[in-house]
Every structure is written in structure tokens, then in C-alpha cells.
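The values are calculated or read from the model by the stated rules, or taken from the named source; none is laboratory data. Predicted model, so just to flag it, every value in this text is computed and none were measured. All Cβ positions, even for glycine, are placed from backbone atoms using ideal geometry, and neighbour counts span all protein chains on display.
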Amino acid sequence: MVHDAQILSLRSFDPAQSPGTKFVRKLDQHKISDFIFNLGNESWDIIFNTDDVNRMYNSFLNTYLKIFQASFPLTKVTTRSKSNQWITVGFKLLVSKKRNCYIK
């Protein structure tokens with residue numbers, strides 16, 4: 001029996017994110033320590049106030065994500081266009097020289 005790998009790539013359109021920007025979460029040792037500290041100080045009693053496993057899981061996940069998003073907020077960063085990375089400084093100088101010759 002042969003199993004072939006399957007790849008699914010989904011791209012969603014976010015109108016708040018323009019083509020030259022993206023949102024990232026910056027991780028550093030200070031933020032990780034803050035995250036661990038906040039997890040340790042969270043009262044997890046709300047999770048055990050019900051006998052329904054689904055509610056317990058949802059309560060845990062909501063609390064965890066709230067702390068995660070507070071510790072590692074999304075930061076908007078600008079990105080360079082990848083389509084122009086092949087243009088070197090020397091090439092730009094040649095284009096400028098050609099343009100000047102055309103104008104003359």
C-alpha cells in the first residue's frame with residue numbers, strides 16, 4: 001500500500017494587511033519569561049467549575065490565548081518587495097546612465 005503526501009495551501013485575504021506589510025509576533029527572552037509568569041499566576045479555577053469537558057477545554061483555551069496574545073502582541077512590520085531583489089546597485093547605475101543617455 002502506497003501513501004502519497006498531500007499538501008494544502010490556503011491563503012486568506014486580510015484587507016487590514018497591505019501587500020508591503022505583515023503582522024508578526026516578536027519573541028524574546030523577556031516576553032517568554034513574562035508569558036510563563038502570567039501563566040503561573042493565572043487562577044485556573046474557572047476551568048474546573050463545570051463537569052462538561054468541552055466547556056473546560058474552551059475555558060482553558062480562552063485563558064491561554066488571552067495570556068499568549070497579551071504577552072506576544074501582533075506587530076505590524078513592513079516588508080520589502082521580493083520581486084526587485086535581483087536588481088543590484090550596479091544595475092541601477094546602468095539604468096540611470098541609460099536614461100541620461102536617452103534624455104541627451
Residue check: is THR78 among the β-branched types (Val, Ile, Thr) and under 30 Å from ASP28 (Cβ atoms)?
-> yes
Filter result for PHE68 (modelled with pLDDT of 90 or more, surrounded by 10 or more Cβ atoms within 10 Å (Cβ to Cβ) and under 23 Å from the mean Cα position of the chain (by Cα)) = yes
Restricting segment 15-59 to residues that are exposed (fewer than 10 other Cβ atoms within 10 Å of the Cβ), modelled with pLDDT under 90 and within 17 Å of the chain's Cα centre (by Cα), which is nearest to SER71 (Cα to Cα)?
-> ALA16
